[in-house]
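**Q** Sharing a structure below in structure tokens format, with a few things to ask.
The values are calculated or read from the model by the stated rules, or taken from the named source; none is laboratory data. Please read all numbers here as calculations on a predicted model, not as lab measurements. Glycine also receives a Cβ, built like all others from the backbone with ideal geometry; neighbour counts cover every protein chain displayed. Heavy atoms of the whole protein, side chains included, go into the accessibility calculation; ligands, DNA and RNA do not. Shrake-Rupley method; radii C 1.70, N 1.55, O 1.52, S 1.80 Å.
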Amino acid sequence: MVAFHASALDGVARNPALPTPLLLRLLAFDGGGDGPPRHALQRAGLSEPAVAVILAHPNPGARIDFAMSTRAEPAQRARLADDPSPKVRAALAYGPEWRDPRTTVAPLPDDVCARLLDDPAPSVRTALLDSPHLAPSFVASLATHRDPAARRSAARAWEKLPPDERSGLLADPDPEVRRAAALRECRRDARVTTELLRDPKSAAEALRRGLLHRADAERCVAGRTHLAALAENPSLPPDLVEQLAVDPDEAVRLAVSLRPELDETRRMSIDFTVGVFDRGDVEWVRDGLADPEVLRRAATSAHPLLRRTAAQSPHLPPDLMRLLARTEDPLVEDLLSVHHPDTPEEVLMRVYARLGGTFSAWMAETHPRFPREGLAARYANHPDGNYRRLAVRDPAATPTLIERLSHDPAVWTRQAAVGDPRLPLHRLREALHVPELASSAGANPALPEDEMVAVLNRAGVPA
């Protein structure tokens, strides 16, 4: 297949105006062994006839792409649970590999997950237990499963388990299951923490979160054992906290500075350094991203990592949003643009200006509050093509301007203009035959149906 024919076909596959008969024709395409374009398989709102075509597609790759779609309904994807290919079933079990932070992936029904966990192929069972998309109810149900790997996963739902199931996991015949259970139980049982400290595989995690006997804490401080982890421990005695606050190891002092019980004066008196690109993932703040009190403490702190973690909350009230938007911390701005639905326009524009061409800039540009009005007047003649591209977003941009931008020296600007429905039809038809523009032209919702048919014909899609 000629390259630009394939590009045009890929564009048509994601065209929101693609008629159902052409979509069904495209979904049945073999693609020379590659299957249909992924965008066709992962469209939102696929009809029952379309799903039926995908489920029966002879190419396993097509079924894999559908199994990993973030847009398909769980009940639709679940119909692949009996697929003859273990690779397809494994893809279904794991679910979508990539998703942007604004997308919520609905889990498969519990009964389907149970079937996949009993799948004869080990790869399917492993994929399911590794999936980040499992419902908490299903994870909790694994506590008495015959597979040790499943019982080990059940520890992730520790607080949902009844006491007898917790006890069973703590006494499990499999050492890995016992360790996973103990690492959860140690948060409220100092005896369990002491036992875990004897195991090199679990010592650091136990020191970070386990309830500590003072003697164990003193011994670790004296032996300088995992001090950065110990410095995070909620049960560390106050005098040892103060001792670690002046430790020669900068990582240890930084960990102390993030402790939740410190007031702002004490926190900022500690000598710590935060890197410009240190994202910040402070556990007590991350766990409280929906807690107004936690958010207020973190967002109003002078500690960059607390502010950066708070900026990941979609629940920031307006006053804290405004406060963080004024911090002049580029990383805070990046996180606000990704996570908060009400990020101010000026913050989104600063992220775009600073990071054009990156994932963060794309997240800012696709934010619902990213500006549209006035962009043509401001940027149509900008010396940077990345800004000229923004002019296409303006509802007031004229067809004449859109056509002019479709000839822009910058390829991204040309592609944006060619994908705009205001582009004059003669130019849209022409762009279908330009290699770097064919995909954008194929996706243009103003593309006439006869042109879509022609794209499918040229690409060799059977009628």
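**Q** Suppose we filter segment 153-196 for residues that are over 17 Å from G210 (Cα atoms) and among the hydroxyl-bearing types (S, T, Y); how many remain?
**A** Count: 2.
**Q** Anything in segment 87-111 that is open to solvent by 60 Å² or more (accessible area, probe 1.4 Å) and under 13 Å from the mean Cα position of the chain (by Cα)? List them, or say none.
**A** E97, W98, R99, P101, R102, T104
**Q** Sticking with this one: With the condition kept exactly as written, say whether any residue in segment 410-418 is of a type in the set (A, V, I, L, M, F, W, C), touching a Leu at 6+ places or on another chain (Cβ under 9 Å), closer than 16 Å to V12 by Cβ and touching a residue at least 12 places away in the same chain (Cβ under 8 Å).
**A** yes
**Q** Oh, and also: Quick one: E328 ticks every box in (1) among the charged types (D, E, K, R); (2) part of a loop (DSSP other than H, G, I, E, B); (3) crowded, with 16+ Cβ neighbours inside 10 Å except a single one, so which number is it?
**A** Unmet for E328, out of (1) among the charged types (D, E, K, R); (2) part of a loop (DSSP other than H, G, I, E, B); (3) crowded, with 16+ Cβ neighbours inside 10 Å: (3).
**Q** Identify all residues within segment 224-251 that are more than 17 Å from A190 (Cβ to Cβ) and of a type in the set (G, A, S); write none if there are none.
**A** A228, A231, A245, A251
**Q** State all residues of segment 112-137 that are open to solvent by 30 Å² or more (accessible area, probe 1.4 Å) and assigned to a helix (DSSP H, G or I); if no residue qualifies, say none.
**A** A114, R115, P122, S123, R125, T126, D130, P136, S137
**Q** Then there is this: Under 6 Å between Cβ atoms, which residue pairs at least 6 apart in sequence (or on different chains) link something in segment 424-450 that is closer than 16 Å to T413 by Cα with a partner that is surrounded by 14 or more Cβ atoms within 10 Å (Cβ to Cβ) and among the polar types (S, T, N, Q)?
**A** R427/S406; L428/N444; A438/S7; S439/S7; S440/Q415; A443/N15
**Q** So in segment 43-70, with the set limited to residues that are farther than 16 Å from L26 by Cβ and under 22 Å from the mean Cα position of the chain (by Cα), which one is least open to solvent (accessible area, probe 1.4 Å)?
**A** A67
**Q** Can you tell me which of (1) without any contact (Cβ under 8 Å) to a residue 12 or more places away in the chain; (2) within 30 Å of A416 (Cα to Cα) is the one V347 doesn't meet?
**A** Only one criterion is unmet by V347, namely (1).
**Q** Could you please find all residues in segment 198-222 being of a type in the set (G, A, S) and within 18 Å of V256 (Cβ to Cβ)?
**A** A204, G210, A217, A222 - these are the residues of segment 198-222 that are of a type in the set (G, A, S) and within 18 Å of V256 (Cβ to Cβ).
**Q** Moving on. Answer with yes or no whether S313 is open to solvent by 40 Å² or more (accessible area, probe 1.4 Å), among the polar types (S, T, N, Q) and at pLDDT 95 or above.
**A** no
**Q** Separate question: Residues in segment 140-150: is at least one under 24 Å from the mean Cα position of the chain (by Cα) and farther than 20 Å from E232 by Cβ?
**A** Yes: segment 140-150 contains one or more residues that are under 24 Å from the mean Cα position of the chain (by Cα) and farther than 20 Å from E232 by Cβ.
**Q** Within segment 203-224, which residues are farther than 19 Å from A255 by Cβ and either touching a helix residue (DSSP H, G or I) at 6+ places or on another chain (Cβ under 6 Å) or of a type in the set (V, I, T) (or both)?
**A** H213
**Q** How many residues does segment 435-455 hold that are of a type outside the set (G, A, S) and either open to solvent by 20 Å² or more (accessible area, probe 1.4 Å) or more than 18 Å from G419 (Cα to Cα) (or both)?
**A** Residues that pass the stated criteria total 8.
**Q** Which of the helices (runs of 4 or more DSSP H) contained wholly in segment 148-203 include at least 3 residues that are of a type in the set (K, R), open to solvent by 30 Å² or more (accessible area, probe 1.4 Å) and modelled with pLDDT of 95 or more?
**A** Output list reads 175-185.
**Q** Related question: Which count do you get for residues in segment 7-25 that are under 29 Å from the mean Cα position of the chain (by Cα), within 24 Å of P435 (Cβ to Cβ) and surrounded by 18 or more Cβ atoms within 10 Å (Cβ to Cβ)?
**A** 9
**Q** Does any residue of segment 358-367 turn out to be in a loop (DSSP other than H, G, I, E, B), surrounded by fewer than 19 Cβ atoms within 10 Å (Cβ to Cβ) and among the polar types (S, T, N, Q)?
**A** yes
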